[in-house]
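Step one of this worksheet: look at the structure below.
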Amino acid sequence: MRAKCISPIGDGLSEKSIEIGFPKAASFPLRKDKHYTIYGICLWKSILLYLTIDSEHDMTYPEWFPAELFIVPDNLLPLEW
């Protein structure tokens, strides 16, 4: 699945995301308007998270990010899923 980052800043996160520990003033290592491959999806404490990586930020391993930071332009699942 591919998703487009709509904001790398935490100021648009829901109250639930902030309650579980994502800071409102957070700056995530993502680039606005960039499309990312989503390697995993997780529901943790009622918050949907996407597993992805941005090699331009010197990330060695994928990390979990709130799904609220992304939109999914093509919401069809691949046949392999």
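The values are calculated or read from the model by the stated rules, or taken from the named source; none is laboratory data. These numbers were taken from a predicted model, which means no experiment stands behind them. So basically every Cβ, Gly included, is an ideal-geometry build from the backbone, and we count neighbours across all protein chains shown. Each accessible area value is taken on the protein alone, full model and side chains, heavy atoms only, with ligands, DNA and RNA left out. Shrake-Rupley method; radii C 1.70, N 1.55, O 1.52, S 1.80 Å.
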* Structure fact -> Taking the stretch 4-19 and keeping residues touching a Leu at 6+ places or on another chain (Cβ under 6 Å) and outside any loop (DSSP other than H, G, I, E, B) leaves Cys5
* **Candidate set from the stretch 32-55 (those that are of a type in the set (D, E, K, R) and within 16 Å of Pro8 (Cα to Cα)); member that is surrounded by the fewest Cβ atoms within 10 Å (Cβ to Cβ)** => Asp33
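I need the full set of residues from the stretch 56-81 which are open to solvent by 50 Å² or more (accessible area, probe 1.4 Å), farther than 17 Å from Trp44 by Cα and assigned to a loop (DSSP other than H, G, I, E, B), in order please. Steps first, answer last, please.
Step one: list which residues in the stretch 56-81 are open to solvent by 50 Å² or more (accessible area, probe 1.4 Å), which gives 56-58, 60-64, 68, 71, 73-77, 79-81.
Then keep just the ones that are farther than 17 Å from Trp44 by Cα; that gives 56-58, 60-61, 71, 73-77, 79-81.
Within the stretch 56-81, Asp58, Thr60, Tyr61, Pro73, Asp74, Asn75, Leu76, Leu77, Leu79, Glu80, Trp81 qualify.
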* Within the stretch 28-35, is there a residue that is among the acidic types (Asp, Glu) and without any contact (Cβ under 8 Å) to a residue 24 or more places away in the chain? -> no
* Structure fact -> Exception for Ile18 within (1) out of contact with any Lys or Arg (no Cβ under 7 Å at 6 or more places or on another chain); (2) surrounded by 12 or more Cβ atoms within 10 Å (Cβ to Cβ); (3) without any contact (Cβ under 8 Å) to a residue 12 or more places away in the chain falls at (1)
